[in-house]
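One structure is given here, and the rest of the page talks about it.
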């Protein structure tokens with residue numbers, strides 16, 4: 001059993017939405033885009049615990065949430081099997097460099113392995129050298145030939161007929 005101040009990783013619980021949203025806002029600030037967080041604790045709760053469109057892990061140290069991972073199932077037509085997309089992995093700056101991020105990503109990887117999924121996918125900002133070096137160190141490879149694309153707002157409504 002872990003000591004009270006030793007970090008632990010657990011699945012998110014129903015009451016975690018507000019805390020998770022706070023950590024999401026911290027990540028958005030770190031990524032220089034705090035204005036992009038438009039969701040709410042209610043929407044996050046619905047996605048995680050009612051619709052179950054995503055899953056979350058929470059890292060706690062000293063009884064406080066200090067990090068999280070949010071992920072969801074994808075599907076590869078080439079593999080003909082699901083995989084996991086890691087939407088966010090975040091550890092507060094004061095808790096970095098102690099193995100928490102690696103343990104958190106390892107837990108998501110273990111979930112993929114347990115479910116028989118062949119891969120994890122995620123993206124990282126090109127300027128985040130610390131994250132890119134960390135990912136390279138665990139064996140992740142950049143997919144240079146692929147370009148991440150997004151359709152949202154008015155172009156999404158226009159294409160969707162609304």
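The values are calculated or read from the model by the stated rules, or taken from the named source; none is laboratory data. Model, not experiment: these values are computed from the prediction. We place every Cβ from the backbone using ideal geometry, glycine too, and count neighbours over all the protein chains shown.
Hey, does the range 110-118 have a residue that's buried (at least 18 other Cβ atoms within 10 Å of the Cβ), closer than 19 Å to residue 57 by Cβ and at pLDDT 95 or above?
Just the residues of the range 110-118 that are buried (at least 18 other Cβ atoms within 10 Å of the Cβ), to begin with: 112, 117.
Pick out the ones that are also closer than 19 Å to residue 57 by Cβ and you get 112, 117.
Pick out the ones that are also at pLDDT 95 or above and you get 112, 117.
There is at least one residue in the range 110-118 that is buried (at least 18 other Cβ atoms within 10 Å of the Cβ), closer than 19 Å to residue 57 by Cβ and at pLDDT 95 or above.
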If I filter the range 97-112 for residues that are outside any helix (DSSP H, G or I) and without any contact (Cβ under 8 Å) to a residue 40 or more places away in the chain, do I get at least one hit? yes
Going through the range 1-47 one residue at a time, which ones are assigned to a helix (DSSP H, G or I) and in contact with a helix residue (DSSP H, G or I) (Cβ under 7 Å, 6 or more places away or on another chain)? 14, 17, 18, 20, 21, 25, 28, 34, 36, 41, 44, 45
Considering 53, 74, which residue is exposed (fewer than 13 other Cβ atoms within 10 Å of the Cβ), in contact (Cβ under 8 Å) with a residue 12 or more places away in the chain and not in a helix (DSSP H, G or I)? 53
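Examine the range 85-94 for a residue that is farther than 17 Å from residue 130 by Cβ, touching a strand residue (DSSP E or B) at 6+ places or on another chain (Cβ under 7 Å) and part of a strand (DSSP E or B), and state whether such a residue exists. Working first, answer last.
We begin by selecting, within the range 85-94, every residue farther than 17 Å from residue 130 by Cβ; these are 85, 87.
When the remaining residues are screened for being touching a strand residue (DSSP E or B) at 6+ places or on another chain (Cβ under 7 Å), the result is 85, 87.
Next, from what is left, pick out any that are part of a strand (DSSP E or B): 85, 87.
There is at least one residue in the range 85-94 that is farther than 17 Å from residue 130 by Cβ, touching a strand residue (DSSP E or B) at 6+ places or on another chain (Cβ under 7 Å) and part of a strand (DSSP E or B).
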Restricting to the range 15-46, count the residues that are buried (at least 17 other Cβ atoms within 10 Å of the Cβ) and either over 28 Å from residue 128 (Cα atoms) or modelled with pLDDT under 95 (or both). 1
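In this structure, is residue 62 modelled with pLDDT under 95 and loosely packed, with under 15 Cβ neighbours inside 10 Å? Break it down stepwise before answering.
On the way: modelled with pLDDT under 95: yes; loosely packed, with under 15 Cβ neighbours inside 10 Å: yes.
Considered against the rule, which asks whether it is modelled with pLDDT under 95 and loosely packed, with under 15 Cβ neighbours inside 10 Å, residue 62 comes out as yes.
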All but one of (1) assigned to a helix (DSSP H, G or I); (2) under 18 Å from residue 27 (Cβ atoms); (3) touching a residue at least 12 places away in the same chain (Cβ under 8 Å) hold for residue 131; which doesn't? (3)
